[in-house]
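Working notes, beginning with the structure itself.
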Amino acid sequence: MSTLRQFMESKGFIRVPLKKLASGHYLFHGKINSIKGDFILDTGASVSCIGLYESDHFLLVKEHSVLKGVGAGAGDMDTMISKKNTFQLGKKSFRNMDFVLLDLHHINQALMQMDGISVHGIIGADFLKTQRAVIDYGRNCFYFKG
């Protein structure tokens, strides 16, 4: 009998290691527009978000947005959007990825208190669904279709 990893990789999925934080969040590393960043994997986030104040770090082109951000601990936040970015995990790049830009201060403040870290953004269900992601909580990793 094969392991989940062997099965997923035999089907062309790529493995991404996750670090489980004390807060219960899962951290991983990636790149936006060839610039390294730290991200949380969040199945409950409907869209992938980058901290509004991180937009210069990733060379994001910002546009006004009519969307209002809503999340745990915060609601009715003004947002911006950045379209057609490149998101990279390992050697795989995803072109034309859009990110909602919003203030992640309240999230990073909580992460600093519990885990001593902050993140650049949150990768949400929009990415996970389109890439047919499978999360292996037992092995602290996720797979996406390569």
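A short reminder: the numbers here are calculations on the coordinates, not readings from a lab. This one's a predicted model, so the numbers in the text were calculated from it and none came from an experiment. Using ideal geometry, Cβ is built from the backbone for each residue, glycine included, and neighbour counts are taken over all protein chains shown.
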Any idea what angle helix 105-115 forms with the longest principal axis of the chain, computed on alpha-carbon atoms, 0 to 90 degrees, nearest 10? 50 degrees
Listed residues Cys141, Gly44, Leu27: farthest to the positive end of the dipole of the range 14-146 (Cβ charges): Cys141
quick shape note, the chain: Cα extents on principal axes in Å, largest first -> 50, 33, 23
Rounded to the nearest 20 debye, dipole of the chain from Cβ charges on Lys, Arg, Asp, Glu: 880 debye
Most fluctuating residue given options Thr43, Thr130, Thr79, as computed from a GNM of the chain linking Cα atoms under 10 Å: Thr130
Choice from Ser23, Ser93, Ser46 with maximal GNM fluctuation in the chain (Cα, 10 Å cutoff): Ser23
Under a 10 Å cutoff between Cα atoms, tell me which one of Lys92, Lys62, Lys36 has the largest fluctuation in the Gaussian network model of the chain. Lys92
Whole Å is fine, so just give me how far the alpha carbon centre of the range 1-46 lies from that of the range 98-146. 8 Å
